[in-house]
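Take a look at the structure set out below.
Bear in mind that the values in this text are calculations on the coordinates, not laboratory data. Nothing here was measured: the structure is a model prediction, and the numbers come from that model. Here the Cβ is made from the backbone with ideal geometry for all residues, glycine too, and neighbour counts use every protein chain on show.
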Amino acid sequence: MSDLNVVLGATGAIGKAVVAELTARGREVRAVSRNAEGPQGFRADITTADGAAAACEGAAVVYQCAQPPYAEWAQEFVGLTDTVLTAVEKSGARLVMADNMYMYGPVEGHLHEGLPNAAAFPKGRARARVAEMILNAHKEGRVSASIGRASDYFGPGGLNTTLGPQIFAAAAAGKTARWMGEPNEPHTVSYLPDVAAGLVTLGEHPKADGYAWHLPVAPPTTGAEFLELVWRAAGGKPKSAAVGRGMQRLIGAFNPIVKELGETWYQRDRAWIVDDTAFRAAFPDHVQVTPLDQAIATTVAWFQRQG
């Protein structure tokens, strides 16, 4: 039986972390992207049926970590998912989808897996549809699939995230580190190596199939506490600020990534607390959560090495 683990989107932050986790566990890995390099690399355009089929051929588990550009989620994510599902079904592999929390929309209280997919904005509706497609494909017997959901992530290699350039790259360069949103509200953040460990746990345990899981996370922190830990690790004179809704609109006039955050501002102006109880109960021996200060120090050091 094949032990091949295929990682789609292997040059992205989550994909790279999953490749590293699988490699550390001694698994056979095929790291798929359009620009893949190295002995594990496999070049393919998975937006095409032939490319996706070639990428997934012979796999035991496929980790779907690829996604369209952020601004194109509403237009492209469903089509990409349909193509990937067809390829995974053809290969006979199990599927693990790397997901986020957009599909829930604004939430009162903690975020848990029993919440409805109530998002009313385009990106949230796209993520909801993608999750529904995957779980429906599982129910229909087309594929065996699970979904692992993470909150805002940070970590080595975490560049396309609100925490990366705005906080870690800035602090590493001695510039002002900016927290997006209210700095005194509790907010759950996810650490990339922990996200990867959680996804691989889902891939190694068929009992995960058929469900969406919140991946293990550290207790929530506030933006102010997070920035304090960043500067403690970075050294130098702390320079921190919070970006409110008005400033986000202003910056967004010149920065398209920041502009796109407007429709999910509800994730930043109130408590945003992820409940990971279900994962911890189902996989008690496979819960990896790096202490926040250690995770931040490792991330700061990575950004400092990048210059």
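Quick look at the values:
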{"read-out": "Residue that is surrounded by the fewest Cβ atoms within 10 Å (Cβ to Cβ), among those in region 256-279 that are over 14 Å from Arg149 (Cβ atoms) and charged (D, E, K, R)", "value": "Asp269"}
{"read-out": "Which numbered condition Ala150 misses (of (1) crowded, with 23+ Cβ neighbours inside 10 Å; (2) among the hydrophobic types (A, V, I, L, M, F, W, C); (3) over 22 Å from Ala71 (Cβ atoms); (4) out of contact with any Lys or Arg (no Cβ under 9 Å at 6 or more places or on another chain))", "value": "(3)"}
{"read-out": "Residue check for Gly105: buried (at least 17 other Cβ atoms within 10 Å of the Cβ), over 25 Å from Ala17 (Cβ atoms) and touching a residue at least 40 places away in the same chain (Cβ under 8 Å)", "value": "yes"}
{"read-out": "Among (1) surrounded by 24 or more Cβ atoms within 10 Å (Cβ to Cβ); (2) in a loop (DSSP other than H, G, I, E, B); (3) over 20 Å from the mean Cα position of the chain (by Cα), the one test that Ala66 misses", "value": "(3)"}
{"read-out": "Residue ranges of helices (runs of 4 or more DSSP H) in region 223-266 with at least 2 members under 27 Å from Gln304 (Cβ atoms) and of a type in the set (D, E, K, R)", "value": "223-234"}
{"read-out": "Check on Pro206, surrounded by fewer than 18 Cβ atoms within 10 Å (Cβ to Cβ) and either touching a residue at least 12 places away in the same chain (Cβ under 8 Å) or not basic (Lys, Arg) (or both)", "value": "yes"}
{"read-out": "Filter result (outside any loop (DSSP other than H, G, I, E, B) and surrounded by 21 or more Cβ atoms within 10 Å (Cβ to Cβ)) within region 179-192", "value": "Trp179, Met180, His187, Val189, Ser190, Tyr191, Leu192"}
{"read-out": "Extreme residue, surrounded by the most Cβ atoms within 10 Å (Cβ to Cβ), among residues of region 26-57 that are assigned to a loop (DSSP other than H, G, I, E, B) and either touching a helix residue (DSSP H, G or I) at 6+ places or on another chain (Cβ under 7 Å) or among the polar types (S, T, N, Q) (or both)", "value": "Ile46"}
{"read-out": "Among residues of region 92-109, those that are among the hydrophobic types (A, V, I, L, M, F, W, C) and part of a strand (DSSP E or B), counted", "value": "4"}
